[in-house]
Amino acid sequence: MIEVRFFATFREGRDKVSLLEPKDFKTAGDVLDYFRIRREEVAILLINGLYSPADTAVKDGDVIALFPPVGGG
């Protein structure tokens, strides 16, 4: 399974964690598309704790963490 963790506003309308079948996804971008998250909406994308671009390959056992831009003052 691929574990996807959502943070901040990405949790709105979603669970905090989702599990996906790895055979259905080749890249982190495919995961973003599945959840209808545009790449420009993602400030930080981590795969197994490492900063990664959306075109990074994903495999069984990976943990993807998605963070939106942080605002405030």
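The values are calculated or read from the model by the stated rules, or taken from the named source; none is laboratory data. Here the structure is a predicted model, which is why all the values come from computation and not from measurement. Cβ sites come from the backbone with ideal geometry, for glycine too, and all protein chains shown count toward neighbours.
Residue by residue, here is whether (1) surrounded by 14 or more Cβ atoms within 10 Å (Cβ to Cβ); (2) at pLDDT below 95 holds:
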| position | (1), (2) |
| --- | --- |
| VAL17 | no, no |
| ASP24 | no, yes |
| ILE37 | yes, no |
| LEU46 | yes, no |
| TYR51 | no, no |
| ASP60 | no, no |
| PRO68 | yes, no |
| GLY72 | no, yes |
- [ ] Take the range 6-49 and flag every residue that is touching a residue at least 40 places away in the same chain (Cβ under 8 Å) and more than 13 Å from PRO68 (Cβ to Cβ).
- [x] PRO22
Task: Residue list for the range 1-14, restricted to those being part of a loop (DSSP other than H, G, I, E, B) and either at negative phi or in contact with a Leu (Cβ under 8 Å, 6 or more places away or on another chain) (or both) - done: MET1, PHE7, GLU12, ARG14
- [ ] For residues that are in a loop (DSSP other than H, G, I, E, B) and of a type in the set (Phe, Trp, Tyr), tally how many sit in the range 15-52.
- [x] 2
